[in-house]
């Protein structure tokens with residue numbers, strides 16, 4: 001494919017094969033004490049092999065006091081250099097250049113990880129919740145040295161350049177932002193003084209590594225949802241950083257309301273392009289743009305002069321071959337990021353061993369996920385065309401098996417179809433469209449409108465059966481419910497059920513709350529009820545507050561800890577958590593009380609077929625990530 005994305009580009013002395021950058025994204029694939037692991041190398045090697053021009057390795061702590069994440073890569077000591085050098089070799093071998101991001105968590109560092117109290121420009125707690133100690137001037141000077149020493153280690157390890165992390169609420173950003181920097185000395189006050197720490201870091205790094213070694217900074221073009229950094233502030237900082245000798249600026253955004261942290265009612269590409277463009281106007285050095293950029297908009301930003309390099313982050317998590325596929329015109333073959341932010345939730349969840357991806361089961365498992373041809377081609381029948389079934393069929397076909405998929409509905413997609421209908425969820429639709437396209441390209445025999453029975457399977461005589469029959473709705477036991485024409489949430493979303501003006505929804509997890517937003521947007525008066533103490537507990541922390549706030553803004557009533565007394569044509573009688581009885585008037589009662597596995601077929605054929613697998617929601621109702629992961633692993637086992 002032709003276009004500016006594929007032009008070679010010079011970043012300082014670094015010659016890049018194209019203008020695609022893999023930005024730094026914390027993975028937590030390092031060892032407990034911060035060393036690069038085989039998992040780290042496999043992960044970055046796959047993205048380099050996937051065609052990106054430049055890999056920027058994730059936030060790497062320059063000193064123990066700035067250690068912010070469990071299993072974060074370290075560069076605070078010479079002992080880390082040998083393994084870092086191996087990582088450089090892996091990426092270079094696959095044709096990409098490699099830089100590393102130097103990071104200090106500041107108040108976002110964790111004493112539970114580092115054993116030290118966090119430090120910051122001012123003693124104000126951050127997202128991590130700990131109150132930091134205000135840094136003395138000596139500590140500031142020492143920390144400048146930590147950055148310089150880390151940069152020299154990066155150069156010794158063979159990295160082509162270093163990126164200073166000056167964004168996203170970490171130490172340098174804490175100095176830059178008026179919301180976190182309340183100092184009255186030379187490091188606080190106006191933009192010039194708040195930028196002083198960054199400028200001292202740049203000067204010290206350049207002195208340590210030499211003027212010709214490429215150094216750049218990731219910075220926020222704006223802070224959203226706070227009285228923080230404005231674009232004008234950022235432009236002033238950018239000019240000073242350019243004058244200090246940086247070769248580029250990597251423009252991102254931060255804050256509780258940042259577009260990069262939130263979704264939009266329908267998908268919007270390049271959500272912070274105006275920030276990259278704004279910084280580009282202020283400086284003459286190259287600008288790296290980021291933020292859900294599609295190939296088309298990446299090309300446009302380059303042609304319009306709004307950026308010089310395009311960073312693709314979650315896109316290359318979802319598909320390591322993103323760049324190669326775009327370059328060869330195979331955009332339809334890209335496994336799409338659905339912007340669920342579950343990878344982001346994993347970053348701050350010490351219970352999981354590194355980030356995972358909802359749509360890419362091989363993320364962080366690149367070596368063990370290699371597709372190996374089957375020793376014997378088998379006749380495989382997959383029952384169920386949801387995400388688990390389709391992913392099993394895809395992997396099994398890739399391995400050389402002869403695969404047939406039966407789906408009783410008229411189309412593939414399963415639970416993904418209604419899941420893609422509520423506001424902010426349209427980005428799920430490309431996932432089932434992608435999977436369906438892959439099955440067609442791989443020659444899987446797909447039969448829709450096909451009801452699977454034990455007898456039909458016996459006549460088909462497969463070697464392997466994979467049961468991915470999903471779920472059936474759970475109908476709660478509430479007096480009178482059987483005498484009222486209650487409708488299921490899925491039927492409402494798919495337009496199969498009529499809904500009156502006043503709506504009562506029984507069930508306040510994800511489906512109930514999403515259906516409420518869907519109906520509120522259509523002018524309905526909606527009340528959501530649940531027995532539990534919290535709404536939408538299955539929604540990840542990155543998006544949950546934003547999700548619930550939208551419901552309240554749209555006038556949805558949320559009632560928690562209710563007891564259901566009865567249902568009648570007038571509505572739903574409940575006892576509220578303060579012990580009062582009331583009736584929620586409703587023209588329509590909607591059930592979103594959960595679901596139970598559809599296990600009938602599995603039980604009917606278990607023991608009658610030599611190789612039978614049960615996967616996805618028909619084991620236990622769970623997430624897209626669980627379905628895709630089980631489908632991938634099952635396809636590998638067959």
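The percentage of C-alpha pairs in the range 61-160 whose separation is greater than 23 Å is 32%. Could you tell me which of rounded, prolate or oblate describes the range 480-580, using a ≥ b ≥ c as the square roots of the eigenvalues of the alpha-carbon gyration tensor, with rounded for a/c under 1.5 and, failing that, prolate when a/b is larger than b/c and oblate otherwise? Oblate shape, in that a/c is at least 1.5 and b/c is the bigger or equal ratio.
Relative to the current alpha-carbon distance between residue 379 and residue 92, full extension at 0.36 nm per residue lengthens the span by 99.2 nm. Over the residues of the chain, the helix contribution to mean residue ellipticity at 222 nm works out to -9500 deg cm²/dmol, using -39500 (n - 2.57) for each DSSP H run of at least 4. Across the chain, Cα pairs under 8 Å and at least six residues apart give a relative contact order of 11 percent. Looking at the chain, what % of its DSSP beta bridges pair antiparallel, to the nearest 5? Restricted to the chain, the bridges split so that about 20 percent are antiparallel. Measuring between their Cα centroids, the range 342-360 and the range 65-79 lie 19 Å from each other. Of all beta bridges that DSSP places with both ends in the range 481-593, some 40 percent have antiparallel geometry. Under the rule a/c < 1.5 gives rounded, and otherwise a/b versus b/c splits prolate from oblate, where does the range 4-313 land using the Cα gyration tensor? Verdict is rounded for the range 4-313. Highest mean packing first, where packing is the average number of other Cβ atoms within 10 Å per residue, the peptides 255-265, 505-515 line up as 505-515, 255-265.
Each part gets one Cα centre, and for the range 424-446 versus the range 537-577 those centres are 33 Å apart. Of interest is the spacing of the C-alpha centroids, which for the range 87-131 and the range 282-305 amounts to 26 Å. The convex hull defined by the C-alpha atoms of the chain has an orientation-averaged projected area of 30.0 nm². The Cα atoms of the range 219-300 give a gyration tensor whose axes a ≥ b ≥ c have a/c of 1.5 or more with a/b no greater than b/c, which makes the shape oblate.
With respect to the chain, whose longest principal axis is taken over its alpha-carbon atoms, helix 429-441 is tilted by about 80°. Taking 18 Å as the cut-off, the amide N atoms of the range 373-404 that come nearer than this to a point 7 Å along the Cα-to-beta-carbon line of residue 448 belong to 382-391, 393-394, 404.
Beta-bridge orientation, the range 4-313: approximately 10 percent antiparallel, per DSSP, counting only bridges with both partners inside.
Ranked by the mean number of other Cβ atoms within 10 Å per residue, highest first, peptides 487-498, 460-471, 569-580 order as 460-471, 487-498, 569-580.
To test your reading of the geometry: what angle, between 0 and 90 degrees and rounded to tens, separates the Cα axis of helix 137-157 from the longest principal axis of the chain? Helix 137-157 sits roughly 80 degrees off the main axis of the chain.
Computed from the coordinates by the stated procedures, all read-outs in this text should not be read as laboratory data. Small disclaimer: the values here were computed from a predicted structure and weren't measured. Positions of Cβ are backbone-derived with ideal geometry, glycine not excepted, and every protein chain shown enters the neighbour counts.
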